[in-house]
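Shown next, in structure tokens, is the structure this report addresses.
The values are calculated or read from the model by the stated rules, or taken from the named source; none is laboratory data. These numbers come from a predicted model, not from an experiment. Cβ sites come from the backbone with ideal geometry, for glycine too, and all protein chains shown count toward neighbours. The area values use the complete protein model at the heavy-atom level, side chains included, leaving out ligands, DNA and RNA. Shrake-Rupley method; radii C 1.70, N 1.55, O 1.52, S 1.80 Å.
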Amino acid sequence: ALKKMTVANLVANAGGGKVLQVVSGVDNTQRSATSSNYSHGYTTAVATLTPSATSSKILVIASTDIYKSAGTMNVSIFRDNSTNLATQRFFTHDGDNASTNFCGVFLDSPNTTSEINYRIKWTISSGTGYIGYGGNLSSTVAIEIGA
């Protein structure tokens, strides 16, 4: 028998892949680092969430304007300040004074129901590396997807 189409019936009978929550963090402060170590320098554009189930997937989208004065710059999405999820290497042939936009996307499987923080972190091999360059917005979005 067909059931009346209501939001409750639609949600109750839908399969996996439901969006369970969306959180974001933004920061419009230019930040710099002069270290090749990811633990030095990170944005406050932190997306914090507590997954509903250990089987949930978290789609993380992070974006910021970056600039480097020299060397090689690596920009990455981190979970809980210690797990490097996705690194993008940024450099130019001459090695000096270059800017671009970082946009990273990663589907994480954290296997936890404890609070998680996602953020942008970066390193620079020499010179200075900036995120949120020019005071432009840095953003991290975390979307929990049910299994």
Check: Do the conditions hold for residue 126, that is, is it open to solvent by 50 Å² or more (accessible area, probe 1.4 Å), in contact with a helix residue (DSSP H, G or I) (Cβ under 9 Å, 6 or more places away or on another chain) and touching a residue at least 12 places away in the same chain (Cβ under 8 Å)?
Finding: no
Next item on the list: Would you check which residues across the range 112-144 are modelled with pLDDT under 90 and out of contact with any strand residue (DSSP E or B) (no Cβ under 8 Å at 6 or more places or on another chain) and list them?
Entry: 126, 135
Check: Is it the case that some residue within the range 38-51 is at pLDDT 95 or above and open to solvent by 30 Å² or more (accessible area, probe 1.4 Å)?
Finding: yes
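Go through 109, 69 for me and flag whichever is modelled with pLDDT of 95 or more and either closer than 20 Å to residue 136 by Cβ or surrounded by fewer than 17 Cβ atoms within 10 Å (Cβ to Cβ) (or both). Before the answer, list the steps.
On the way: 69 fails: modelled with pLDDT of 95 or more.
Unique residue meeting the criteria: 109.
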Margin query: Suppose we filter 147, 86 for residues that are open to solvent by 30 Å² or more (accessible area, probe 1.4 Å), of a type in the set (A, V, I, L, M) and at pLDDT below 90; which single one remains?
Written below: 147
